[in-house]
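The values are calculated or read from the model by the stated rules, or taken from the named source; none is laboratory data. None of these values were measured; they are calculated from a predicted model. Cβ: placed from backbone, ideal geometry, glycine included. Neighbour counts: every protein chain shown. These accessible areas exclude ligands, DNA and RNA; they are computed on the full protein's heavy atoms, side chains included. Shrake-Rupley method; radii C 1.70, N 1.55, O 1.52, S 1.80 Å.
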Amino acid sequence: MLFSSNIFIFYFLPIIIMLYYIFSFSRVMKNFILLIGSLIFYAWGEPEYIILMITSIIVNYILGLLVHKFRERKNASKLVVVIMLIFNLGILIIFKYLSFILRNISQYTKTVIEIPNIILPIGISFFTFQCISYVIDVYRKDVQVQKNPMYLGLYVSLFPQLVAGPIVRYSTISDQILNRKETIRKFSVGMCRFITGLAKKIIISNSLAVIVDRIFIMNDNLTMTTSLAWLGSIAYTLQIYFDFSGYSDMAIGLGLLFGFKFNENFNYPYISKSISEFWRRWHISLGEWFRDYVYIPLGGSRVKNKDKMVRNLFVVWILTGIWHGAEWNFLFWGVYNFVFIVIEKVFSFEKMEGKNILKHVYTLFIVNLGWVIFRSKDLYSAGRYISSMFGFSKAGMWSSYTWMFIKENLLIIIISIILCTPIAKKINKMVVDKQKGYKFFNILYPVAIVGIFIIAISYLVKGVYNPFIYFNF
Amino acid sequence: MKEFFEKKIITAILIIGILLYFLIVNFSIIYKPLKELISESEVNFSNLDNLISEVETLVDDKLYNRDGFINFYGYNQVILNKNEENNFEVVKDKDGYLHYTYFTNRAKDISGYVDAVKKFKEGIKNTNTEVMYLMAPDKYIRGITQFNYGMPYNYANESADEFLKKLGSNDISFYDFRSNLLKWDISNNEYFYKTDHHWRTETIFEAYSEFVKKLSDKYNIESVDYYTDKSNYNFETYKNSFIGSMARKTGIYYAGIDDFTLIYPKYSTDYDFYYRTNDFEHSGKGDFKDVLLSKEMLVESKSISDEVDKYSTYLFGNQGEVHIKNNNNPEGLKVVFIKDSFFVPFCAFFSNIASDIYMLDPRYFDENILEYINNLEDIDIVFVAYNPQSLSEEFFEPLNNT
């Protein structure tokens, strides 16, 4: 099931809210309702893979118990962690990477290998990382082992963050499972956050997707001009932000409806003034996961030999790249980010005084180019696309389609650029500090939110173009 | 801080109110059909995918105020001054007419379709039977229609030009209704419906009149002037009544609602009418308006769900196989139309001067077309009658399977 679907908005969400609050007298019942609801949510889209998720929960539950049991026996507990890694990464490799691996072996050894047609279970990258982090946190004694399988199941399968993150750590949520408090303020903030996330996805991201998908098809058909190439890359830069951050907003908002507080996943990444800063603002939960479970265990930056730091960064970015998808362009994209991060570290780029506007332009330029590599179906297409951006297009510089796409989506493009800045934060501060004009925003707010909710559901009911870009994850 | 949360609390209450209201109303609408669906379905793990998909479809189709939301969506597109809607599902020209189009930079390769018609013609056993291709006009009318700058154009007219040129060089006769379109007694831009992809009944009548007069040069068609005289026909206009195929996607505010004009003879007629699509058959006998028209479709529809596609008033729309026998004209032409939807009302008008019309729609006719035709006796003309956007595998592959 997707958040941006009629069945979720009109049936699943109000029913689960109702049931949850009808049973508000019992924490156990509330958690049970959330667990069953989450499993139904996942099974609705992928009935055949619900078994995989339940198996993953049970196995990681048992492994967590074993790690806890052998906590005084280092070798035994280490062995359990290794088994856990083999199991979880094994699932990920089979479902996500096996076809890619076999295809490449077949190509480079020139042997005929039957490539299995494996459908990637939605959210597999998210929930396997959550399971891995749980068992490792138990091993590190950062969290208490969860002896109730229902509660571990709830952590892994909780529907707000199941499909597209954020990657929620067990340490964030363990206390909240039993001791969270639902308040009218949390509920209200959550509902408003959910609606803004829904609007970001349905109205902004889906509109930009029309431009992006058409232009990338033109790249494949060799009919893309330079102007279209730039428009497509900028539109995708905006699309992926509003899609992904929209989903995160919905996830965080939904969590708040049920009293859960998740960490932020995006912090206005397009105001960054370096690639390093960008990755502290973009998909924060993933960056922190790799930092805590790969980078720091390898030694992080606190190594005497700085070459080791470079090696550690390289490993993290290779993994980050391939986490996003099983194709060479994702790997290349990971290395691409690594190169700029290392260059910035070597030249202490972030500490350079002044030149903020130049740093901002540089960051957006590099990120934008990176998204072209990310979006392209393979490296060759990415190379052709980028060469078109710099004037090497066989179709020339200008296309009437460029003007048409901009004119048809002008308001959406302007709004999306504005919303990349922390304008909402500034308005909130204005209201809290009761600055001049705050009453106007107070009156406008409910009208605006209800208005964009109705607009968003009109788009949903109509059945507008609604691509789901997380099928790779 | 209090005001910060107050506004959010008010908003949340409003949203919850909306969600609960829709839940109750939607559930009351969907309960019975959902119960029926589940009781009729085999509920097991292997079938769960299908069942979920059917439930989702039911949920989408039975949504309360679905039409209202679609209309509101269309209204939003008007406010945003959009000339394309939902990923170019439909585009609007400068006069507000809706079009189907797609991205391409050249005309289609039609050589395969020419070969199909040629092969089909060679397969007709009766050497006295003429084979003629009829090309309806495209909604993009050269010299009239203007798209906004940059809107994708599908080169349908250019594809049709090339197709007809190649037909001619293969000795296959054709009639191009685009040639004299602008000379017909139709005011500018009203050749087609604004919200539907079809040409108007008034335009079809002009096409029929011009064509049968041309045909009478070669074939002995009695009283052709009488049968093409508008004063011998009723023109009933149903104002603001037709929500066309495209408006059913975009909502009624995006391009409005069309008028629909029903045209039928004033003089008395006597027909035997039959159609079949798969296992469904229908027949009737009597007057043109009683037998060839499904007048129950002419209900006023102000909502998308109410619309029953008034264009299908003639001959009950697209059927696999149709036979119209004009009992008042036993010496008239015996013809076959292999057609798309553009020629359905045309065939209804044509029946006035024919004795027998057989109509086959390649999309819904499940037998071999050539075999069917060769089993008919004394056919004067076989028409292959399509509009430019029907130059596709779907319409020509059945001609190839001979």
Check: Considering the dipole of the protein assembly as shown built from charges on the beta carbon (Lys and Arg +1, Asp and Glu -1) around the Cα centre, which of A:Ala209, A:Ile93, A:Ile423 is farthest to its positive end?
Finding: A:Ile423
Note to self: Below 8 Å between Cα atoms, with a sequence gap of 6+, how large is the relative contact order for region B:51-142 in percent?
What the structure shows: 12
Margin query: Could you report the protein assembly as shown's accessible area per residue, 1.4 Å probe, as an integer in Å²?
Written below: 43
Margin query: Counting only protein heavy atoms and a 1.4 Å probe, tell me what percentage of chain A's accessible area is made up of carbon and sulfur.
Written below: 68
Check: Between A:Asn117 and B:Arg142, what is the label-to-label distance in nm when each label sits 7 Å out along the Cα-to-Cβ direction?
Finding: 4.4
Notebook entry, point to check: When Lys and Arg each count +1 and Asp and Glu each count -1, what net charge do the other residues less than 14 Å away from B:Ser173, Cβ to Cβ, add up to?
Noted result: +1
Checklist line | Part-to-part distance (alpha-carbon centres) for region B:211-258 and region A:25-43, which is given in Å | finding: 60
Checklist line | Whole-angstrom Cα spans of region A:237-306 along principal axes, big to small | finding: 47, 29, 14
Next item on the list: Have a look at B:Ile124, B:Ile79, B:Ile257 and tell me which one the Gaussian network model of chain B (Cα, springs below 10 Å) gives the largest fluctuation.
Entry: B:Ile79
Checklist line | region A:288-307 and region A:220-248: distance between their alpha carbon centers, rounded to Å | finding: 33
Next item on the list: Go through B:Leu164, B:Phe120, B:Tyr100 and say which Cα lies farthest out towards the positive end of the charge dipole of region B:47-171; charges sit on Cβ, +1 for Lys and Arg, -1 for Asp and Glu.
Entry: B:Leu164
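Based solely on its DSSP helices, what 222 nm [θ] is calculated for chain A when runs of n ≥ 4 H residues each add -39,500 (n - 2.57) and the sum is averaged over all residues, nearest 500 deg cm²/dmol?
-22000 deg cm²/dmol, from helical runs alone.
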Checklist line | Portion, in percent, of the accessible area of chain B that falls on carbon or sulfur, probe 1.4 Å | finding: 47
Check: Share of antiparallel DSSP beta bridges in the protein assembly as shown, in percent to the nearest 5?
Finding: 60
Next item on the list: Could you state the angle between the C-alpha long axis of helix B:48-61 and the longest principal axis of the C-alpha atoms of chain B, as a value from 0 to 90 degrees rounded to the nearest 10?
Entry: 90
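Provide the net charge surrounding A:Val361, with neighbours chosen by a C-beta distance below 11 Å and charges set as Lys +1, Arg +1, Asp -1, Glu -1.
Values: positive: A:Lys273, A:Lys355, A:Lys359; negative: none.
Summing Lys/Arg as +1 and Asp/Glu as -1 gives +3.
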Note to self: At 20 °C and a viscosity of 1.002 mPa s, what translational diffusion coefficient does Stokes-Einstein give for region B:1-88, taking Rh as the Kirkwood radius over Cα pairs? Give it in µm²/s as a whole number.
What the structure shows: 130
Item checked: Efficiency of FRET between B:Val308 and A:Asn75 - r from beta-carbon atoms, R0 60 angstrom, step 0.05 -> 0.20
Note to self: Where in chain A is the longest stretch that carries no GluC sites (Glu not before Pro) classed as loop by DSSP and with at most 12 other Cβ atoms within 10 Å?
What the structure shows: A:115-352
Check: Which order do A:Val335, B:Val55, B:Val43 take when ranked by solvent-accessible area (1.4 Å probe, heavy atoms of all protein chains), largest first?
Finding: B:Val43, A:Val335, B:Val55
Checklist line | At least 40 Å² accessible surface lost relative to isolated chain, residues of region A:201-241 (1.4 Å probe) | finding: A:Val210, A:Arg214
Note to self: So if the hydrodynamic radius of chain A is defined as the Kirkwood radius over C-alpha pairs, what does Stokes-Einstein give as its diffusion coefficient at 20 °C and 1.002 mPa s, in µm² per second?
What the structure shows: 89
Checklist line | Alpha-carbon radius of gyration plus Dmax, which is the widest Cα pair, for the protein assembly as shown in Å | finding: 32.5, 107
Next item on the list: Sum -39500 (n - 2.57) across every DSSP H segment of at least 4 residues in chain B, then divide by the residue count to get the 222 nm mean residue ellipticity, nearest 500.
Entry: -11000 deg cm²/dmol
Notebook entry, point to check: If you place +1 on the Cβ of every Lys and Arg and -1 on the Cβ of every Asp and Glu, how big does the dipole about the Cα centre of chain B come out, in debye to the nearest 20?
Noted result: 1260
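Counting DSSP beta bridges in chain B, what percent are antiparallel, to the nearest 5?
Of all bridge pairs located within chain B, approximately 60 percent are antiparallel.
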Margin query: Just want to confirm a number: the relative contact order over region B:275-402, from Cα pairs under 8 angstrom separated by 6+ residues, in percent.
Written below: 25
Next item on the list: Would you please give the FRET efficiency between B:Lys119 and A:Phe392, computed as 1/(1 + (r/R0)^6) with r the Cβ-Cβ distance and R0 = 51 Å, to the nearest 0.05?
Entry: 0.65
Note to self: A drop of at least 30 square angstrom in accessible area, chain alone versus all protein chains together, probe 1.4 Å. Which residues of region B:73-101 meet that?
What the structure shows: B:Tyr73, B:Asn76, B:Leu80, B:Lys82, B:Asn86, B:Asn87, B:Phe88
Next item on the list: Can you check what the net charge comes to around A:Gly299, using other residues whose Cβ is under 10 Å from the Cβ of A:Gly299 (Lys, Arg +1; Asp, Glu -1)?
Entry: +4
Note to self: With angles folded into 0 to 90 degrees, how steeply does helix B:2-40 sit against the dominant principal axis of chain B? Use alpha carbons for both and round to 10.
What the structure shows: 50
Next item on the list: Among the lysines, select those whose C-alpha is under 18 Å from the C-alpha of B:Lys94, and discard any that sit fewer than 8 residues away in the same chain.
Entry: A:Lys407, B:Lys82, B:Lys139, B:Lys194
Note to self: With a 1.4 Å probe, what is the total accessible area buried between chains B and A, in Å² rounded to the nearest 100?
What the structure shows: 5400
Check: With contacts defined as alpha carbon pairs under 8 Å and 6 or more residues apart, what's the relative contact order of region A:1-98 in percent?
Finding: 17
Checklist line | Evaluated at q = 0.13, 0.15 Å⁻¹: base-10 log I(q)/I(0), Debye formula over Cα of region A:363-419 | finding: -0.46, -0.61
Next item on the list: Find how many whole Å separate the alpha carbon centroid of region B:40-119 from the alpha carbon centroid of region A:347-414.
Entry: 31
Next item on the list: Among B:Lys218, B:Lys166, B:Lys230, determine the one that fluctuates most according to a GNM of chain B built with springs between C-alpha atoms less than 10 Å apart.
Entry: B:Lys218
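Arranged from highest to lowest average of other beta-carbon atoms within 10 Å per residue, in what order do the peptides A:25-35, A:194-204, B:354-364 appear? Intermediate results must be reported in sequence, preceding the final value.
Working: A:25-35: 16.3, A:194-204: 23.8, B:354-364: 20.6.
Order by mean packing, descending: A:194-204, B:354-364, A:25-35.
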Item checked: Residue among A:Pro269, A:Gly299, A:Gly325 farthest towards the positive dipole end of region A:242-392, charges placed on Cβ -> A:Gly299
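Please state, to two decimals, what the Cα-based radius of gyration of region A:299-448 comes to when divided by 2.2 N^0.38 Å (N = residues).
Details: Rg = 21.2 Å, N = 150, 2.2 N^0.38 = 14.8 Å.
Against the compact-globule rule of thumb, the ratio is 1.44.
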Notebook entry, point to check: Quick one: which of B:Lys35/B:Lys289; A:Lys181/A:Lys439; A:Lys96/A:Lys308; B:Lys230/B:Lys325; B:Lys118/B:Lys310 span more than 32 angstrom between C-alpha atoms?
Noted result: B:Lys35/B:Lys289; B:Lys118/B:Lys310
